[in-house]
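J.: Sharing a structure below in structure tokens format, with a few things to ask.
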Amino acid sequence: MKIIVCIKQVPVRDSQLRPDAGGHWIQEGDLSFEINEPDAYALEEALQLKEKQGGEVIALCAGPERASQTIREALAKGADRALHIEDDRVSSWDTLGLARLLAKAAAPEKPDLILTGLQSDDLGYGQTGVVLAELMGLPHATIIMNVEPESNGIKVKRELEDGWFQNVWMPLPALLTIQSGATRLRYATLMGIKRAKTKEVKKVQPAAVAGAPAVRLERIYLPEKSKRTQIFDGSPQEAAAQLVEKLRFEARVI
């Protein structure tokens, strides 16, 4: 089974983020980066399927030169080779444009299965996987907790609301978006890190994406901090009821 895993490099969690001079993205000069956590779970699912079925796991990443660090991490954990769409403009692509880049790189490989994380930790659109499936004409399923290979396809377990799950049989080739926490992530071994240095990383030229972006970030800014005091009149019971209403419908914390 040939499996492509789409991975993304994102700023390390808890980083101090500041808008850039133009207010269209964040300042990246002093940030550290890591693999997008949902994509790490997609990679782990692919590696487990390879251990069960054999085959090949290919990491696919679109990003600037620094993304090679994240690609090497995927190779150290067990991916066999990688495709790197090296492009400094990836942060400015909308979901459709990025999916077109990934589709052009993935199509020649003719994979049996494409896995992505459920969403990215930076933008969190949760759309790239399903748009990629549509562009490539693949059946897809989202929020996948488990994948079991079968002789004529795969059986997947989807997470639904309120603790419910759905089991679905799917033909191959297909695309799945993997839920975070579905499995336990592995660490790269010392031997894996050494082997990663010898594995192939193929540079893929960015494709020309026709048309204007469907979505554009107009401005990124830090939320304004403000303090306000409100006194509730009436009896303690009436004041408590007003407080609950504010917390529920305005603050939305209960």
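J.: Could you tell me which of the residues Ala67, Ala42, Ala59 is at pLDDT 95 or above and not in a strand (DSSP E or B)?
T.: Ala42
J.: Which is touching a Ser or Thr at 6+ places or on another chain (Cβ under 9 Å) and surrounded by fewer than 16 Cβ atoms within 10 Å (Cβ to Cβ), of Leu17, Leu31?
T.: Leu31 is the lone residue from the list that is touching a Ser or Thr at 6+ places or on another chain (Cβ under 9 Å) and surrounded by fewer than 16 Cβ atoms within 10 Å (Cβ to Cβ).
J.: Quick check on the stretch 192-217: of everything there that is exposed (fewer than 10 other Cβ atoms within 10 Å of the Cβ) and at pLDDT 80 or above, which residue is farthest from Glu245 (Cα to Cα)?
T.: Result: Thr198.
J.: Does Thr189 fit the bill of being at pLDDT below 95, out of contact with any strand residue (DSSP E or B) (no Cβ under 9 Å at 6 or more places or on another chain) and among the polar types (S, T, N, Q)?
T.: For Thr189, the condition - at pLDDT below 95, out of contact with any strand residue (DSSP E or B) (no Cβ under 9 Å at 6 or more places or on another chain) and among the polar types (S, T, N, Q) - is met.
J.: Test each condition in (1) among the small types (Gly, Ala, Ser); (2) surrounded by fewer than 22 Cβ atoms within 10 Å (Cβ to Cβ); (3) in contact with a helix residue (DSSP H, G or I) (Cβ under 8 Å, 6 or more places away or on another chain) for Gly54 and report the one that comes out false.
T.: (3)
J.: Name the residues in the stretch 57-87 that are polar (S, T, N, Q) and either buried (at least 21 other Cβ atoms within 10 Å of the Cβ) or in contact with a Cys (Cβ under 6 Å, 6 or more places away or on another chain) (or both), would you?
T.: Listed by number, the list holds a single entry, Thr70.
J.: Residues of the stretch 23-53 being free of Cβ contacts under 8 Å to residues at least 60 places away in the same chain, of a type in the set (S, T, N, Q) and under 16 Å from Lys8 (Cα atoms), which ones?
T.: Answer for the stretch 23-53, where residues must be free of Cβ contacts under 8 Å to residues at least 60 places away in the same chain, of a type in the set (S, T, N, Q) and under 16 Å from Lys8 (Cα atoms): just Ser32.
Conditions (1) surrounded by 11 or more Cβ atoms within 10 Å (Cβ to Cβ); (2) under 22 Å from Ala106 (Cα atoms), marked per residue:
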| position | (1), (2) |
| --- | --- |
| Leu132 | yes, yes |
| Met136 | yes, yes |
| Thr142 | yes, yes |
| Ile154 | yes, yes |
| Glu161 | no, no |
| Val168 | yes, no |
| Arg186 | yes, no |
| Arg219 | no, no |
| Gln230 | no, no |
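J.: Let me ask another. Scan Glu34, Glu134 and give me the residue that is of a type in the set (Asp, Glu), within 30 Å of Leu160 (Cβ to Cβ) and part of a strand (DSSP E or B).
T.: Residue meeting the stated conditions: Glu34.
J.: Evaluate the following for Glu109: is it over 18 Å from Cys61 (Cβ atoms), charged (D, E, K, R) and touching a strand residue (DSSP E or B) at 6+ places or on another chain (Cβ under 9 Å)?
T.: When the stated conditions are applied, Glu109 does not pass them.
The values are calculated or read from the model by the stated rules, or taken from the named source; none is laboratory data. No experiment lies behind these values; they were computed from the predicted model shown. Please note: Cβ atoms are built from the backbone with ideal geometry, for glycine as well, and neighbour counts cover all protein chains shown.
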